[in-house]
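Q: The structure's right below; bear with me while I get my questions together.
The numbers here are math on the coordinates, done by the rules we state, and not lab data. Predicted model only: the values in this text are computed from it and were never measured. Backbone-built Cβ (ideal geometry, glycine too); neighbour counts: all protein chains shown.
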Amino acid sequence: MTPARNGDLLLGVDGGNTKTIAIVSRRDGTVIGTGTGGRADIHGATSPTAAVEEIVRAASAALAAAGRRSADIAASAFSLAGADWPEDFEFLRLELRAKLGLPTAPLVVNDAIGPIRCGTDDGVGVAVVCGTYGTAGARNSAGDVYHFGFWPDSTGAWGLGSEGFRAVLRASLGLDSPTSLTDRALALWDASDVLDLLHSFTRLDRPSIPASDRALLAEAVLDEADAGDRVAVRIVQSAGEVVGDYARVCAAETGQLGSSFPVVLCGGVLRHPSVLLRESILSRLPDAAPVYPTVEPAVGALLLASDNAGVRASVDTVSATLLSWALDGDDVEGR
């Protein structure tokens, strides 16, 4: 390999509660390496250190695939679930620079901000991300940022799946309407009846199903809502309205409400064929022009790194060259 001059690469990382994706490219956006890791949320992982290790694992794998070193990185950007508070950003900047040996301080943003850049040329607008969890964020032309990553309502796969699970239990007790979600849940977890299903999540005589697995029911909730199940429709519409309201607050806090603005809709849940969730979100954002990115949110992080380096990596180049790298970004869970 012919040695290249230092500082000619870009690193972009998108980290969520299910997986982390890292991309290394040349300054023009030509992708030369990718890597993956696990949960990157410092508040959702077993410890902040464990989350950082997954981010480092993904970035290191991308550099190794490129056959390059961290010293070759001109600029880096990390769009991360769990990057919520000032001390979070300080911790992540210091830890990532030290553990990766980055020559310059990385840009760290909440994972609701990176997707704006993969859906717009200037990184201005609003984003709604629905993966394992849900979040919303906004950035205006002055660079002011406002995001929800820390709010107690859950609107991603975990929220949908948990509400679906609750509806199945209530229906079995005659406290809610019968729902086709019951058959889907029993089949998903191979349970003989609802009591057996509940027992499988709480039993002591053998390993129980972790509560986090309720997120796996999200796809069924979206499917059954699309098929007209009234209980599932109610769950999906409520989730969409909640995250849509948060997105509207983000737009207002950044001075974008009252005029047309782009809203980037992304995440594994929003890749489901059903339109109901998207329509419910947009019903709370009458001024928004929806944007559906055709690239991974990690591309948004890479483009933020490009902006920080003072170059304009081409999203078309990134997209075209990323196709040769296998990245699993199509599951319903994705944040």
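Q: Go through the range 242-294 and report how many residues are over 16 Å from the mean Cα position of the chain (by Cα) and at positive phi.
A: So the answer is 2.
Q: Kindly indicate whether any position in the range 141-149 is among the polar types (S, T, N, Q), out of contact with any Pro (no Cβ under 9 Å at 6 or more places or on another chain) and crowded, with 24+ Cβ neighbours inside 10 Å.
A: no
Q: Restricting attention to the range 320-331, does a residue exist that is in a helix (DSSP H, G or I) and either touching a residue at least 24 places away in the same chain (Cβ under 8 Å) or charged (D, E, K, R) (or both)?
A: yes
Q: Can you name the condition, by its number, that Gly164 falls short on among (1) of a type outside the set (Lys, Arg); (2) in contact with an Asp or Glu (Cβ under 9 Å, 6 or more places away or on another chain); (3) closer than 24 Å to Ala127 by Cβ; (4) surrounded by 24 or more Cβ atoms within 10 Å (Cβ to Cβ)?
A: Here Gly164 clears every test but (3).
Q: Same structure again: Give the range 166-206 a look and list any residue that's part of a loop (DSSP other than H, G, I, E, B) and of a type in the set (Gly, Ala, Ser), or say none.
A: Gly174, Ser177, Ser180, Ala191, Ser192
Q: Would you confirm, using the coordinates I've provided, whether Pro290 is surrounded by fewer than 19 Cβ atoms within 10 Å (Cβ to Cβ) and not aliphatic (A, V, I, L, M)?
A: Judged against the criteria, Pro290 is a match.
Q: Does any residue of the range 242-265 turn out to be in a helix (DSSP H, G or I), farther than 18 Å from Pro115 by Cα and free of Cβ contacts under 8 Å to residues at least 12 places away in the same chain?
A: yes
Q: Return the only residue of Ala220, Ala252, Ala247, Ala227 being surrounded by fewer than 24 Cβ atoms within 10 Å (Cβ to Cβ), under 30 Å from Asp121 (Cα atoms) and out of contact with any Asp or Glu (no Cβ under 8 Å at 6 or more places or on another chain).
A: None of the other options fit; the residue is Ala252.
Q: Mind listing whichever residues of the range 276-286 are in contact (Cβ under 8 Å) with a residue 24 or more places away in the chain and not hydroxyl-bearing (Ser, Thr, Tyr)?
A: Hits for the range 276-286 are Leu276, Leu277, Arg278, Glu279, Ile281, Leu282, Arg284, Leu285.
Q: What's the total number of residues in the range 125-157 that are touching a helix residue (DSSP H, G or I) at 6+ places or on another chain (Cβ under 9 Å), without any contact (Cβ under 8 Å) to a residue 24 or more places away in the chain and closer than 28 Å to Arg312 by Cα?
A: Summing the residues that are touching a helix residue (DSSP H, G or I) at 6+ places or on another chain (Cβ under 9 Å), without any contact (Cβ under 8 Å) to a residue 24 or more places away in the chain and closer than 28 Å to Arg312 by Cα in the range 125-157 gives 0.
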